[in-house]
Amino acid sequence: MVVLLQPVPKFKTSPVIIPVLDLTDPTAKTQIVKACEELGFFKVVNHGVRPDLLTKLYEEATKLFALPQSLKDKAGPPDPFGYGSKRIGLKGDVGCVEYILLNANSHLQSTKTTAVFRETPTIFREMVEEYMEVMKGMSTKVLEMVEEELGIEPKGKLSKLVKVEESDSCLRMNYYKEKEETTAKEEIGFGEHTDPQLLSVLRSNDTEGLQICLKDGTWVSVPPDHSSFFVIVGDTLQVMTNGKFKSVKHRVLTNTKRSRLSMIYFGGPPLTEKIAPLACLVPKQEDYLYKELTWSQYKSSSYKTKLGDYRLGLFEKQLPFSLSNI
């Protein structure tokens, strides 16, 4: 199954098909690898996530963003976890967005992360924790399929990075408020960027706004689907596959009378994990396109850049490289 993406007006246009992958299909692992190579983005159906969990979590998250600003401010500013509004990152990027950022490991959650739940029913925290576990499972399954299709050794080399307790994964809920008047002018909800982690699993309500950038620079809109998930290849997975997989640049535009709520699970490796091309895929180090860093070093450096910066430049072998710059 495939879905036709719609080219965004005022940009160079070309037809593109978004892969729609059934995780119960015996050929899914082959399709996943192909999608990661060609687009860095695909849609997941028959994922097994309870519909009632998705519905209730959306309802409770919407209630959180509808709270008085004074109550939401008690859970922010993010450090990096907690509640935030408009300001994105440390380099002056802004967007038409409110968000909460949560550590996926509950035992590592900060005081401000805990404060997010202080003004919400207990069931909200329970659903968030269940959702993060489900997303960890989906991320693990996708990476296991990649391992099997590519013959990655040792077994679990990729999937264990999000499965282990030390995994540095997180959940972000982005809320784009509805507008009283819809205009022709597009506004940036969340600016163009790639995700630094291994992969991201995104779900939103039925409001449009998400766009991805193709290799030729064309921006295309992704039709929303609240019952499915979208998987996005991150920078770290691009490095570990030595560029075989591509981290895709994406953004969110807002020009609608309907609010948009998206939930993104970022599957990140442990902070001490060394990030470099996998030797089983690239036996000779002279063929490596990227140099080695730990996830902590790359995470720190990427969070200090602007959203649209080319952050993988720090990895490229042909460029000047110094850990003192990180």
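The values are calculated or read from the model by the stated rules, or taken from the named source; none is laboratory data. Bear in mind the structure is a predicted one, so any value in this text is a computation, not a measurement. Methodologically, a virtual Cβ is constructed for each residue, glycine included, from the backbone with ideal geometry; neighbour enumeration extends over all protein chains shown. The accessibility values were calculated without ligands, DNA or RNA, using every heavy atom of the protein model including side chains. Shrake-Rupley method; radii C 1.70, N 1.55, O 1.52, S 1.80 Å.
Here are the numbers:
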item: Pair list, Cβ < 7 Å and 6+ apart or interchain, from the stretch 100-120 residues that are within 23 Å of Gln197 (Cα to Cα) and in a loop (DSSP other than H, G, I, E, B) to residues that are open to solvent by 70 Å² or more (accessible area, probe 1.4 Å) and modelled with pLDDT of 70 or more; result: Asn105/Glu165; Ser110/Asp79
item: Residue match in the stretch 115-137 (condition: modelled with pLDDT under 95, crowded, with 17+ Cβ neighbours inside 10 Å and in contact with a strand residue (DSSP E or B) (Cβ under 6 Å, 6 or more places away or on another chain)); result: yes
item: Breaking point among (1) open to solvent by less than 70 Å² (accessible area, probe 1.4 Å); (2) part of a strand (DSSP E or B); (3) under 23 Å from Gln197 (Cβ atoms), for Cys96; result: (3)
item: Test result for Lys179, surrounded by fewer than 22 Cβ atoms within 10 Å (Cβ to Cβ), closer than 20 Å to Ile17 by Cβ, in contact with a strand residue (DSSP E or B) (Cβ under 9 Å, 6 or more places away or on another chain) and not small (Gly, Ala, Ser); result: no
item: Number of positions in the stretch 59-77 that are surrounded by 20 or more Cβ atoms within 10 Å (Cβ to Cβ) and assigned to a loop (DSSP other than H, G, I, E, B); result: 1
item: Per-region count, the stretch 295-310, residues open to solvent by less than 50 Å² (accessible area, probe 1.4 Å) and either at pLDDT below 85 or in contact with a His (Cβ under 9 Å, 6 or more places away or on another chain) (or both); result: 2
item: In the stretch 223-243, the residues that are in a loop (DSSP other than H, G, I, E, B) and at pLDDT 95 or above; result: Ser228, Gly234, Thr241, Asn242, Gly243
item: Near pairs, Cβ below 6 angstrom, 6+ apart or cross-chain, from the stretch 271-291 (among the charged types (D, E, K, R)) to any residue that is open to solvent by 40 Å² or more (accessible area, probe 1.4 Å); result: Lys274/Glu292; Lys291/Lys317; Lys291/Phe321
item: Residue, farthest from Ser200 (Cα to Cα), within the stretch 6-44, restricted to residues that are open to solvent by 30 Å² or more (accessible area, probe 1.4 Å), among the β-branched types (Val, Ile, Thr) and modelled with pLDDT of 95 or more; result: Thr27
item: Residue identified as open to solvent by less than 30 Å² (accessible area, probe 1.4 Å) and more than 16 Å from Met173 (Cα to Cα) among Gly217, Gly268; result: Gly268
item: From Ser247, Ser228, Ser262, residue being within 16 Å of the chain's Cα centre (by Cα), of a type in the set (Ser, Thr, Tyr) and within 30 Å of Lys291 (Cα to Cα); result: Ser247
